[in-house]
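Each reported figure results from applying straightforward, stated rules to the coordinates on display, with no laboratory input. No experiment lies behind these values; they were computed from the predicted model shown.
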Amino acid sequence: MMADIYQKVERSTRSLAMKIDNASKARLKGMARQVYLEGFASLKNCEKVAQNGNQGRGFYIAKVVNKEFAEKEKENDQKKTRKRGKKKEKK
């Protein structure tokens, strides 16, 4: 019984240490880091959740626009939209 409790505490401590390490590697700061460490969002989505909140799922924050994040989002949106060529006209 005590071994089970000890293992659970050890696992959660190790998990938190790994999350902190991952957040540092991804250079997360401020609210995005907090969102990731508390488990509200995954590493890849924590910046979006920090920007917008999670649409009524119990986590609300003020919308703060980070200039670097806004530029990165704009670039990603441009990459997603494909530029399609003109259709060839039949003769």
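Considering only Cα-Cα distances, which of the following residue pairs are longer than 32 Å: K8/K79; K29/K79; K25/K79?
As for pairs spanning more than 32 Å Cα to Cα, those are K8/K79.
Checking the table K44/K72; K19/K74; K44/K74; K48/K74; K19/K72; K48/K72 against a 18 Å threshold on Cα-Cα, which pairs fail?
K19/K74; K19/K72
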